[in-house]
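Values quoted throughout were computed directly from the atomic coordinates according to the rules given, and no laboratory measurement underlies them. Given the structure is predicted, the values throughout are model-derived calculations rather than measurements. Cβ sites come from the backbone with ideal geometry, for glycine too, and all protein chains shown count toward neighbours.
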Amino acid sequence: ERRVVIVGAGMAGVQTAVALREQGFAGPVILIGAEPHQPYDRPPLSKAVLLGKAEGSAFEVDFEALAIELRLGVDVTGLRPGAREVDTEAGPVPYDVLIIATGAEPVTLPGSQGVPGVHLLRTLDDAERLRPVLEQRHTIVVVGAGWIGAEFATAAREAGCAVTVVEAADRPLAGALPADIATPMAEWYAESGTELLVDARVDRIEPGRVVLADGRTLPADAVVVGIGARPATGWLAGSGIDLGPDGSITADDRLRTSLPDVYAVGDCASFPSARYGERLLVHHWDNALQGPRTVAANIVDQIAPGSHVYDPVPYFWSEQFGRFVQYAGHHTGADAAVWRGEPTGASWGVVWLREGVLVALLAVGRPRDLAQGRKLIEAGARLDPERAADPSVPLKAA
Ligand code: FAD
């Protein structure tokens, strides 16, 4: 029997182990994770777990019953593909098939590491350190108005904290959405009593305050930095594996890496999307659910090569300022945006058409649009832009 080793016990690693068993793989599966905790789900960390509404978010997986060998609190420090081994503090671990699922690491603010009161929000430990900050209703400065910054600000306001969000761009979610769509979202901050400072750069963080580049100082009992995440691939230096300029492992369309019998999945890996004609690096939960099924299928069933291609319609959601924001697909600036409703309303959306074909969709408080639109994107459906612009009409192929 081939011996499967999975590095990283987050969503993608756990799902790969589970998918292998679901698809009938009977050989040894060893799941190695750096964190000491029972494997857990990340999205609740900026929501229920942060607010103390849920104790934790451990996956409901019976690893023992599935004969998945968990090795937790173990850092993998290197990969030697010639020997087919990964290195740990406890010694080398041999593999026949290796899956890299080491996820992503938050980007830190230069000079902020080790400053008391500065937090990141990626792990259960981070969330647990932030819980008392919320309970004590501290004055908090959040750096970055991205997905994490918005969700953290939402929770902190709900807990009664004074919150200021500092954003270097001229609007929230600048990396994710075009200006005309993201600019109205600044209102959500104001509505919730969160102060949003755009075009604002942090110069330095001092005990008790944040100093901006323009000289303004903001009082801060705590600072939360949410300025993005990078693939956690530093440990692969010297292994010879191909990495992209963004640090991602450049997997192929079956999520195989440049090394034999080594796969990569989840936040650490990019893949070529035939659907969108470009390489995608997706840092969202659904990708860490779907990708593992493809990896497992390719490991279990090597009889039909090429049949287990990964070409998903990416999907994610965010819960911020009382809104349910969902996005499916992928769009570029060249695609035509069609509005469905007004961004001032409680429910609205945008669809993107590429030569008349639906390629992506944003839905705010419109879960039905998301469900219908996702299927239409998968089917490569054409949409009549005039009809799509009417929010009272369900999304339908032309
Ligand atoms: P990770 O979850 O990062 O897991 C990787 C694991 O590998 C980690 O436990 C890490 O410790 C371990 N590891 C790393 N390096 C090593 C090593 N060298 N040796 C051993 N172990 C190692 N997505 C959404 O779509 N919607 C949401 O609402 C949403 N909310 C989120 C909220 C928060 C606070 C965060 C942080 C993320 C959120 N996401 C959300 C994103 C989603 O959680 C991630 O896309 C998903 O967790 C990716 O799973 P992964 O297994 O690839 O990586």
*Whole-Å distance, taken between Cα centres, linking the stretch 157-227 and the stretch 298-357*: 27
*Among the lysines, which fall within straight-line cross-link reach of Lys375, defined as a Cα-Cα distance under 18 Å, with same-chain neighbours fewer than 8 residues apart omitted?*
Lys396
*With each run of n ≥ 4 DSSP H residues scored as -39500 (n - 2.57), what mean residue ellipticity at 222 nm is computed for the chain after dividing by its residue count and rounding to the nearest 500 deg cm²/dmol?*
-6000 deg cm²/dmol
*asked:* Is there a quick way to get the dipole size of the chain? I mean about its Cα centre, with the Cβ of Lys and Arg at +1 and of Asp and Glu at -1; what is the value in debye to the nearest 20?
replied: 420
*What is the extension gain from Asp62 to Arg3, computed as 0.36 nm multiplied by their sequence separation minus the C-alpha to C-alpha distance, in nm to one decimal?*
19.2 nm
_Relative contact order (percent, whole number), the chain, Cα cutoff 8 Å, 6+ residue spacing_ = 14
_Once you order the gyration tensor axes a ≥ b ≥ c over the Cα atoms, which shape class does the stretch 322-388 get: rounded for a/c under 1.5, otherwise prolate or oblate by comparing a/b with b/c?_
prolate
*If you take every DSSP beta bridge whose two residues both sit in the chain, what share of them, in percent to the nearest 5, is antiparallel?*
60
*Would you mind putting 25-33, 83-91 in packing order, based on average other-beta-carbon counts within 10 Å, highest first?*
25-33, 83-91
*Is the shape of the stretch 1-107 best called rounded, prolate or oblate, per the rule: a/c under 1.5 gives rounded, else a/b larger than b/c gives prolate, else oblate, with a ≥ b ≥ c the square roots of the Cα gyration tensor eigenvalues?*
oblate
*Can you list the aspartates and glutamates whose alpha carbon sits under 14 Å from that of Lys53, skipping same-chain ones fewer than 8 residues off?*
Glu128, Glu135, Glu158
*asked:* Defining a contact as two alpha carbons under 8 Å apart and six or more residues distant in sequence, what relative contact order in percent does the stretch 108-225 show?
replied: 33
*What list of ³J(HN,Hα) couplings, whole Hz, do you get for the stretch 207-222 from phi and the Karplus terms 6.51, -1.76, 1.60, once you set θ to phi - 60° and write x for glycine and proline?*
x, x, 7, 10, 9, 8, 4, 8, x, 4, 10, 10, x, 8, 6, 9
*Can you tell which of Tyr189, Gln113, Ala176 lies farthest toward the positive end of the dipole of the stretch 108-225, using +1 and -1 charges on the Cβ of basic and acidic side chains (Lys, Arg; Asp, Glu)?*
Gln113
*Over the chain - Rg/Rh using Cα atoms and the Kirkwood inverse-distance radius*: 0.98
*Quick one: length gained pulling Arg204 to Asp253 fully straight, 0.36 nm per residue minus the C-alpha distance?*
13.4 nm
*asked:* Could you sort the peptides 48-54, 94-100 by per-residue average Cβ neighbour count (10 Å cutoff), highest mean leading?
replied: 94-100, 48-54
